[in-house]
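Read the figures in this text as sums done on the coordinates, not as results from a lab. In this text the structure is predicted, and so the values were computed from the model without any measurement. With ideal geometry, Cβ positions are generated from the backbone for all residues, glycine too; neighbour counts draw on all protein chains shown.
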Amino acid sequence: MSALQVWLAIIGMGLVTAVTRALFLIGGERIVLPPRVQRVLRYAPAAALAGVVVPDLLETPVGISLALSNHALWASAAGLAYYLWRRGMMGTIAVGMFVFTLRRLAV
């Protein structure tokens with residue numbers, strides 16, 4: 001890519017980002033999203049987080065793995081179980097790290 005193409009790409013991406021974010025500000029209160037769309041958008045952050053985290057947990061150097069050697073997967077499952085049981089963030093982190101360390105030392 002030439003320097004001109006790089007700068008055009010940067011400027012183009014900046015414009016697209018600014019326009020898509022500004023549409024909600026420019027419209028203000030005149031644009032009201034339907035209730036169904038508002039309900040769906042409530043789940044967007046969780047879906048995005050799952051889309052980033054789940055592949056990272058399942059992926060290993062040899063491919064997708066559900067084996068006991070996948071320490072991150074089992075540590076996150078233990079942390080999730082603890083969180084659903086007690087709803088405590090510090091305990092969730094402690095349980096996840098404890099299981100991760102045990103699995104790592106055992107294999």
### Task
Report, to two decimal places, the Cα Rg of the range 1-68 normalised by 2.2 N^0.38 Å (N = number of residues).
1.78
### Förster radius 30 Å - calculated FRET efficiency between L66 and M97 (Cβ-Cβ, nearest 0.05)
0.90
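Give me the net charge of L73's neighbourhood, meaning all other residues with Cβ under 13 Å from the Cβ of L73; Lys, Arg count +1, Asp, Glu -1.
So the surrounding residues net to 0.
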## Note on the structure
Lys and Arg at +1, Asp and Glu at -1: neighbours of I93 with Cβ under 15 Å from its Cβ sum to +2
### the chain: most fluctuating residue of G12, G88, G28 per GNM, C-alpha cutoff 10 Å
G12
### Message
Connecting C-alpha atoms closer than 10 Å in a GNM of the chain, tell me which of A47, A78, A22 has the biggest fluctuation.
### Response
A22
#### Entry: Estimated distance in nm for a label pair at Y83 and A106, the labels positioned 7 Å out from Cα along Cα-to-Cβ
2.2 nm
### Query
Can you give the angle from 0 to 90° between the axis of helix 89-106 and the longest principal axis of the chain, with both taken from C-alpha atoms, to the nearest 10?
60 degrees
## Note on the structure
With R₀ set to 25 angstrom, the calculated FRET efficiency between the beta-carbons of V37 and V16, to the nearest 0.05, is 0.70
